[in-house]
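In what follows, a single structure is set out as structure tokens and then discussed.
Nothing in this text is a laboratory measurement; each read-out follows from the coordinates by a stated rule. From a predicted model like this one, the values you see are computed outputs, not experimental measurements. With ideal geometry, Cβ positions are generated from the backbone for all residues, glycine too; neighbour counts draw on all protein chains shown.
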């Protein structure tokens, strides 16, 4: 047995509420999500011997708050895709015998900023020296650069870009926990205010509070849990550059492509085997880049693929079925919520359930297009 096979997600849960939570600190969100996930797996905190999360507050503080003394920790922090990498690293640790059961937590007061640290870009960093002085800082200004090149080269229209938000709102309408559920049209999206050209407000992610957690363990214990085990069949990770100006090609993400290739190869699947797909959607163009990088469409064709209705309810490829970061929730680092939805779909308990999917693929990005992680999850061991 090689790679991540033989590893399962046994517990998965979010915080009790998502949205605006001024009564919860960042650490409280981690703890609440963790307790919910451990309960979901019908375990106790005594069963946890590994922990992973991003910095601020980080795995040491979270472990202390939960009363856990882990023998394995991971504090990998590469933006919103960190939690996909945590699953990959936890699977490797479990297979190597470094841990038996790993708790991966996320909590973020993205909207209320309770206990949240202020984001800073060091002036001495490459981005601080060579991009910030020219006004390129943060997603709203950074993401515009590759997208404008993509639109010019492949003819992606404003209407096609807007349809990404329309399709995901149709999924959100089926989800009682989604922040935005009212239907929108392409005209509504294009009528919302410009944030940074070509992005309109409804093409930008939400800013919310919330969290969640996962319990990852050996498949040898699969029969011990009250809910169906979700098998980790393949994983991949990659990074390209922290500087948007230094992307090798503005019209594609090399990190997406490499991480996807690794995960699909490990799982021994192709795109035709995928029943359900989650692509991190910080902004409306990211699913377009993701569909092409993973091979679901040819380059330059994903915008039309979405606009033709293929990814919305009733379409051939269910995508971002919780409503995504555009309509469900987005605390700043969204990857945890994408994994949660993949798990829910494979268990058959999603708000907008898409039949009985056997394979769910999750693609996450971090630092705009700097990093990527991909998970292939399945109902069966593979």
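Counted by neighbouring Cβ atoms within 10 Å, the residues 106, 158 run from fewest to most as 158, 106.
For the chain, the longest principal axis of the alpha carbon atoms and the long axis of helix 335-347 meet at an angle near 70°. Of all DSSP beta bridges confined to region 248-382, the antiparallel ones make up roughly 60%. Per the Kirkwood formula applied to alpha carbons, the chain shows a radius of gyration over Rh ratio, Rg over Rh, of 0.94. Across region 298-355, the relative contact order, built from alpha-carbon pairs under 8 Å that are at least six residues apart, equals 21 percent.
Taking 17 Å as the cut-off, no amide N atom of region 255-269 comes nearer than this to a point 7 Å along the Cα-to-beta-carbon line of residue 316.
Rounded to the nearest 5, what % of the DSSP beta bridges within the chain are antiparallel ones? Don't skip to the end; give the middle numbers.
Details: 38 of 50 bridges.
For the chain, the DSSP antiparallel bridge percentage is about 75.
Shown here is the pair-distance distribution of region 87-126: with all Cα-Cα distances grouped in 10 Å bins from zero up to the longest one, the shares run 23, 23, 27, 27, 1 percent.
Rounded to the nearest 500, the helix-only mean residue ellipticity at 222 nm of the chain stands at -9500 deg cm²/dmol, with each DSSP H run of n ≥ 4 adding -39,500 (n - 2.57). Distance between the pseudo-spin-label points of residue 56 and residue 353 (7 Å out from Cα toward the beta carbon): 4.0 nm. For the chain, the longest principal axis of the alpha carbon atoms and the long axis of helix 254-267 meet at an angle near 40°.
Can you tell me the relative contact order of the chain? Whole percent, Cα pairs under 8 Å, sequence separation 6 or more.
Numbers: 925 pairs, mean separation 98.1, N = 382.
In percent, rounded to a whole number, it is 26.
No solvent, one uniform scatterer per C-alpha: report log10 I(q)/I(0) for region 124-209 via the Debye equation at q = 0.20, 0.22 1/Å, two decimals. Debye curve over Cα of region 124-209, log10 I(q)/I(0) at q = 0.20, 0.22 Å⁻¹: -0.98, -1.08.
Per residue, the average separation of C-alpha pairs within less than 8 Å and at least 6 apart gives region 63-215 a relative contact order of 27 percent.
Taking the beta-carbon count within 10 Å as an exposure proxy, list 339, 104, 145, 194 from fewest neighbours to most.
On the way: 339 28, 104 31, 145 16, 194 11.
Result, fewest neighbours first: 194, 145, 339, 104.
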